[in-house]
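Scroll down for the structure; my scribbles are underneath it.
The values are calculated or read from the model by the stated rules, or taken from the named source; none is laboratory data. In this text, all values refer to a predicted model and were calculated from it rather than measured experimentally. Cβ coordinates were reconstructed from backbone atoms using ideal geometry, including for glycine residues, and neighbour counts include every protein chain displayed. Surface accessibility is based on the protein's heavy atoms, side chains included, excluding ligands, DNA and RNA. Shrake-Rupley method; radii C 1.70, N 1.55, O 1.52, S 1.80 Å.
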Amino acid sequence: MLEKDEYYISRCLQLAKQGTFAAMPNPSVGAVIVYKDQIIGEGFTSAYGGAHAEVNAIASVQHPDLLKESTLYVSLEPCSHFGKTPPCSDLVIAKQIPRVVVGTIDPFAKVCGMGIQKMKDAGIEVIVGVLEKACQQSNQRFFTFHQKKRPYIILKWAESQDGFIAPLHRTEQAPVWLSNAYAKQLVHKWRSEEMAFLVGTHTVLEDNPSLTTRSWYGKNPVRIYLDRKGQIPTSFAINQQEEPAICITANREMKSNEHTRYYYADFDGNLVQQICTMLYELQIMSVVIEGGTQTIQHFIAANLWDEARIFISEAVLGEGIPAPQIKQTQQTKRYAIANNELHILHAL
Ligand SMILES: [Zn+2]
């Protein structure tokens with residue numbers, strides 16, 4: 001029986017992958033309905049605000065009578081609260097599904113175990129914790145957000161072969177891409193996937209980035225920058241997009257306007273922790289720290305990061321601003337950039 005449960009939960013995990021980024025800040029979940037060892041319904045979480053996996057799976061069953069003799073497999077505990085949609089645990093009870101196999105408990109305080117309890121109270125046989133680790137892994141951002149009360153943090157930078165992130169002297173105000181078209185496109189894909197991108201003051205002043213998704217399809221991330229003194233003018237690209245940018249500043253004279261929303265922080269205190277708390281309150285579930293070295297190094301020093309993605313160019317700068325230094329305890333992916341190619345070098 002156990003093997004069978006694992007088999008169907010792994011199918012749930014396959015399905016969950018299809019909803020991952022569109023579902024945020026909801027978790028992406030997969031659900032499978034099995035009648036006499038045959039899959040009669042499947043579903044995954046719709047884009048944010050849409051139907052949950054269980055609802056989609058139940059709706060896909062051609063002969064609803066069979067539900068009364070079926071097992072529902074689901075990678076995450078069915079919800080028990082009214083969010084954007086009614087609770088799935090109520091639907092499971094209403095459809096009289098007799099057996100439910102849950103991959104892992106939902107860490108979200110409004111659900112955490114309550115969906116399971118509700119179904120048990122209704123007389124449903126509920127099994128919890130099948131492929132639990134893999135189910136949590138499949139919603140890393142969601143689990144990090146609720147368990148650690150901060151976004152899932154990805155550090156990203158490009159460095160030269162000799163370990164520099166930028167030359168000492170710039171001649172023009174534009175990003176120095178230790179990069180090529182493929183790397184650039186991949187970064188734009190990440191912009192469409194993660195909820196926010198954050199850069200430090202120097203990066204805004206030196207590179208004037210817009211942090212929008214242009215070389216990929218999909219949404220723009222929330223754009224966040226640090227500006228202790230409030231010195232970055234509204235005319236900079238980051239402040240000139242459809243949605244206002246978020247500026248974290250120590251200057252309380254800065255007032256929010258149509259281009260920029262100001263949030264105040266104590267830059268002499270633990271800034272990284274304050275940023276994490278701020279983003280948690282803003283319901284931002286994932287953030288990419290795109291530079292520069294100083295900003296990234298702050299997150300490393302505070303040990304507040306989950307993943308690093310490093311582009312390594314074949315360019316040699318000789319001298320420059322050193323790239324951030326990390327110990328490889330967390331997940332680190334390295335991408336090698338050659339003239340016309342991009343390779344994944346090393347993934348931990
Ligand atoms: Zn639900």
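Of everything in region 130-167, what is open to solvent by 30 Å² or more (accessible area, probe 1.4 Å), outside any strand (DSSP E or B) and in contact with a strand residue (DSSP E or B) (Cβ under 7 Å, 6 or more places away or on another chain)? Give them in sequence order.
Within region 130-167, Leu131, Glu132, Gln136, Ser138, Gln140, Arg141, Gln161 qualify.
Which of the residues spanning region 241-293 are acidic (Asp, Glu), farther than 14 Å from Tyr225 by Cα and not in a loop (DSSP other than H, G, I, E, B)?
Glu281
Among Ser75, Ser89, Ser80, Ser60, which is the only one that is within 15 Å of Val102 (Cβ to Cβ), more than 9 Å from the ligand (Cβ to nearest atom) and in contact with a Gly (Cβ under 7 Å, 6 or more places away or on another chain)? First the steps, then the outcome.
Values: Ser89 fails: more than 9 Å from the ligand (Cβ to nearest atom); Ser80 fails: more than 9 Å from the ligand (Cβ to nearest atom); Ser60 fails: within 15 Å of Val102 (Cβ to Cβ).
It is Ser75.
Any residue that is over 20 Å from Asp90 (Cα atoms), open to solvent by less than 10 Å² (accessible area, probe 1.4 Å) and away from the ligand (no atom under 15 Å from the Cβ) - is there at least one of those in region 36-47?
Step one: filter region 36-47 for residues over 20 Å from Asp90 (Cα atoms), giving 36-40, 47.
Remaining after also requiring open to solvent by less than 10 Å² (accessible area, probe 1.4 Å): none.
No, every residue in region 36-47 fails to be over 20 Å from Asp90 (Cα atoms), open to solvent by less than 10 Å² (accessible area, probe 1.4 Å) and away from the ligand (no atom under 15 Å from the Cβ).
Quick test of your reading of the structure: Val55 fulfils all but one of (1) open to solvent by less than 40 Å² (accessible area, probe 1.4 Å); (2) within 15 Å of the ligand (Cβ to nearest atom). Name the failing condition by number.
Unmet for Val55, out of (1) open to solvent by less than 40 Å² (accessible area, probe 1.4 Å); (2) within 15 Å of the ligand (Cβ to nearest atom): (1).
Pick from region 16-35 the residues that are open to solvent by less than 40 Å² (accessible area, probe 1.4 Å) and over 13 Å from His52 (Cβ atoms): which of them is farthest from the chain's Cα centre (by Cα)?
Filtering region 16-35 for residues open to solvent by less than 40 Å² (accessible area, probe 1.4 Å) gives 16, 19-20, 23-25, 27-34.
Now restrict to residues that are over 13 Å from His52 (Cβ atoms): 20, 24-25, 32-34.
Numbers: Thr20: 9, Met24: 7, Pro25: 8, Val32: 24, Ile33: 28, Val34: 31 Å.
Result: Val34.
Among the residues of region 43-86, what is the count of those that are over 16 Å from Leu13 (Cα atoms) and modelled with pLDDT of 95 or more?
Of all residues in region 43-86, those over 16 Å from Leu13 (Cα atoms) come to 47-51, 55, 58-71, 79-86.
Those left that are additionally modelled with pLDDT of 95 or more: 55, 58-71.
Summing the residues that are over 16 Å from Leu13 (Cα atoms) and modelled with pLDDT of 95 or more in region 43-86 gives 15.
What residue, of Ser235, Ser192, is outside any loop (DSSP other than H, G, I, E, B) and either in contact (Cβ under 8 Å) with a residue 60 or more places away in the chain or open to solvent by 70 Å² or more (accessible area, probe 1.4 Å) (or both)?
Details: Ser235 fails: outside any loop (DSSP other than H, G, I, E, B).
Of the residues listed, the single one that is outside any loop (DSSP other than H, G, I, E, B) and either in contact (Cβ under 8 Å) with a residue 60 or more places away in the chain or open to solvent by 70 Å² or more (accessible area, probe 1.4 Å) (or both) is Ser192.
Within region 114-125, how many residues are open to solvent by less than 60 Å² (accessible area, probe 1.4 Å), among the hydrophobic types (A, V, I, L, M, F, W, C) and within 15 Å of the ligand (Cβ to nearest atom)?
Applying the first criterion (open to solvent by less than 60 Å² (accessible area, probe 1.4 Å)) to region 114-125 yields 115-116, 119, 122, 124.
The next check asks that each one be among the hydrophobic types (A, V, I, L, M, F, W, C); those that pass are 116, 119, 122, 124.
Imposing the further condition that a residue be within 15 Å of the ligand (Cβ to nearest atom) reduces the set to 116, 119.
Number satisfying all stated conditions: 2.
Say whether the condition of being of a type in the set (D, E, K, R), modelled with pLDDT of 90 or more and assigned to a loop (DSSP other than H, G, I, E, B) is met by at least one residue in region 170-185.
no
With the checklist (1) open to solvent by less than 20 Å² (accessible area, probe 1.4 Å); (2) touching a helix residue (DSSP H, G or I) at 6+ places or on another chain (Cβ under 9 Å); (3) closer than 20 Å to Val199 by Cβ in hand, flag the one item Leu271 doesn't pass.
(1)
Considering only residues that are surrounded by 19 or more Cβ atoms within 10 Å (Cβ to Cβ) and of a type in the set (A, V, I, L, M), look in region 92-113 and name the one that is farthest from the ligand (Cβ to nearest atom).
Result: Val101.
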